[in-house]
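Worksheet: the structure to be examined is printed underneath.
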Amino acid sequence: MKCHCEHTSASSCIALVPIFHNLNQEEVLEVAGITRHLTVSKGEMIYAMDDMVDSLYVIHSGRVKIYRLSDTGKEQVLRVLRAGDFLGELALFKNSPMGDYAEALEESSMCVIDGSALKELLGKYPMIALKILEELSQRLEQTEKLLEDISLHSVERRLAQVLLDMSIDNDEIELEMSKRDLASQIGTTSETLSRKLTSFQELGLIEQIGQRRIVVVDREGLEGVRANG
């Protein structure tokens, strides 16, 4: 009975991930058979730079940040992953240490798929490999855009852009990460982010409510900052 429950849970986890969407139920169960469960606490490292990783991690619930550290210890958040996202995928294509860090932003549960066994399945179901490569291509594009924004655009423009992106569906934003992590993601310091948010509020573009809530008051104004930054 225990084994059946584990497979059922793993199947529901795997079903969240777009790279497995073309598999039928029997094939999903085949992937579930090489999967184990992992729960990590808030602030816990899933892997660190230079670690050797031999598994694919699929997030079932929670959030994980992927980041790098400069030689001086400055953190640069590359992306925040949520339920249905995966990490550790580069280990499937190369046998070399990880080049970044993965840390849980909150308690998170994951399905961990054995890398060597998954490689065998990639040969059997090449569509999975194509989907992984498609996701890697999108992540590379996002990273290149992030580097371009940091190199070419002002903090005001980058902040306006992220606020506009987060408020597409609702003008009231509930930050899913700390302001420190948000600052890192847009390539600035916590102090600078606080100053810019205060400046935006004084200009009537936003309203800050507590530590995590931001209301977009003047969307056109933010779009103007983005256009001129």
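Annotations
- Scanning the stretch 59-100 for residues that are of a type outside the set (A, V, I, L, M) and closer than 19 Å to THR189 by Cα yields LYS65, TYR67, ARG68, SER70, ASP71, THR72, GLY73, LYS74, GLU75, GLN76, ARG79.
- Near pairs, Cβ below 6 angstrom, 6+ apart or cross-chain, from the stretch 108-134 (within 15 Å of TYR57 (Cβ to Cβ) and open to solvent by 10 Å² or more (accessible area, probe 1.4 Å)) to any residue that is of a type in the set (A, V, I, L, M) and at pLDDT 85 or above: ASP114/ILE34; ALA117/ILE34
- With respect to the conditions (1) under 24 Å from GLN76 (Cβ atoms); (2) open to solvent by 60 Å² or more (accessible area, probe 1.4 Å); (3) β-branched (Val, Ile, Thr), ILE150 falls short on a single one, namely (2).
- In this structure, ILE186 does not qualify as of a type outside the set (Asp, Glu), closer than 17 Å to VAL80 by Cβ, surrounded by fewer than 14 Cβ atoms within 10 Å (Cβ to Cβ) and out of contact with any Ser or Thr (no Cβ under 8 Å at 6 or more places or on another chain).
- Selected residue (only one of ARG157, ARG139, ARG180 is open to solvent by 20 Å² or more (accessible area, probe 1.4 Å), within 22 Å of ARG82 (Cα to Cα) and not small (Gly, Ala, Ser)): ARG180
- Any hit, the stretch 75-96, residues being assigned to a loop (DSSP other than H, G, I, E, B), touching a strand residue (DSSP E or B) at 6+ places or on another chain (Cβ under 6 Å) and farther than 25 Å from SER11 by Cβ: no
- Extreme residue, surrounded by the fewest Cβ atoms within 10 Å (Cβ to Cβ), among residues of the stretch 20-71 that are outside any strand (DSSP E or B), among the β-branched types (Val, Ile, Thr) and in contact (Cβ under 8 Å) with a residue 40 or more places away in the chain: ILE34
- Condition check for GLN201: within 30 Å of ALA91 (Cβ to Cβ), open to solvent by 50 Å² or more (accessible area, probe 1.4 Å) and in a helix (DSSP H, G or I): no
The values are calculated or read from the model by the stated rules, or taken from the named source; none is laboratory data. Every value quoted in this text rests on a predicted model; they were computed, and no experiment measured them. Using ideal geometry, Cβ is built from the backbone for each residue, glycine included, and neighbour counts are taken over all protein chains shown. Remember, those area values only see protein heavy atoms, side chains included, never the ligands or the DNA or RNA. Shrake-Rupley method; radii C 1.70, N 1.55, O 1.52, S 1.80 Å.
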